[in-house]
Ligand SMILES: CC(C)(COP(=O)(O)OP(=O)(O)OC[C@H]1O[C@@H](n2cnc3c(N)ncnc32)[C@H](O)[C@@H]1OP(=O)(O)O)[C@@H](O)C(=O)NCCC(=O)NCCS
């Protein structure tokens, strides 16, 4: 799998994955304009994942210029599910972030019912740090977010 820093040409694909009914309950969504704005903003980076010249998913990294060197994996979805691409993509994200972006910490939140994603992050050696109670509004309901993180020292220990 190749992990590629996305550009304008990838936004249509990203939007298609983001809006897909299979992903809607698990991730947020931006307008095309919001994606294009983020591409111009040094605080964000979009990545896409490619297997045999086919795009299979994307993610958005946020807080690249955070004063505490803490990068958020803001959004992540795999288009072709259940084939191991999610795991390969998370490994690619970790490698990209800790090699090229120099943070001290990479973290993310997951809605409480997203067991598939939590299993994936645990398999990829993210540590569960806690729960933000009712921190996300979903269909008029406040839902809990589970927080996962990896420190640089943990990344270095596991690789
Ligand atoms: C979550 C997601 C990224 C996983 O990607 P994927 O390619 O389907 O997952 P993989 O095939 O690489 O599986 C990796 C691990 O995830 C877990 N997993 C995958 N599918 C699962 C399922 N249906 N049930 C439980 N765990 C599952 C397992 O731990 C699996 O490892 P294993 O096969 O050794 O048991 C993908 O399903 C997706 O895009 N979901 C919708 C959006 C989303 O939830 N994004 C994350 C927001 S925090």
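Nothing in this text is a laboratory measurement; each read-out follows from the coordinates by a stated rule. Because the structure is a prediction, the values reported are computed rather than measured. Here the Cβ is made from the backbone with ideal geometry for all residues, glycine too, and neighbour counts use every protein chain on show.
Tabulated data
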quantity	calculated
Shape call, region 10-99: gyration tensor on alpha carbons, a/c limit 1.5	oblate
FRET efficiency, residue 119 to residue 83 (Cβ-Cβ, R0 25 Å, nearest 0.05)	0.95
Cα-projected label distance for residue 132 with residue 95, points at 7 Å along beta-carbon direction, nm	3.0 nm
Share antiparallel - DSSP beta bridges, the chain, percent rounded to 5	90 percent
Spherically averaged projected area in nm², based on the convex hull that wraps the Cα atoms of region 92-146	4.5 nm²
Spin-label model distance (nm) - residue 33 vs residue 147, 7 Å beyond Cα toward Cβ	3.3 nm
Length gained when the stretch residue 51-residue 159 is fully extended (0.36 nm per residue, less Cα-Cα span)	36.6 nm
Residue with peak Gaussian network fluctuation, the chain [Cα springs, cutoff 10 Å], from 117, 149, 29	29
Ranked by how many other beta carbons lie within 10 Å on average, peptides 94-100, 3-9 from highest	94-100, 3-9
Max mean-square fluctuation residue, GNM over the chain, Cα-Cα springs under 10 Å, options 25, 139, 68	139
Residue 8/residue 140 FRET efficiency (R0 35 Å; Cβ-Cβ; nearest 0.05)	0.50
Model label zone, residue 15; criterion: amide N under 14 Å from point 7 Å along Cα-to-beta-carbon; scope region 36-53	36-39
Coordinate range along principal axes, alpha carbons of region 2-158, Å, largest first	39, 36, 33
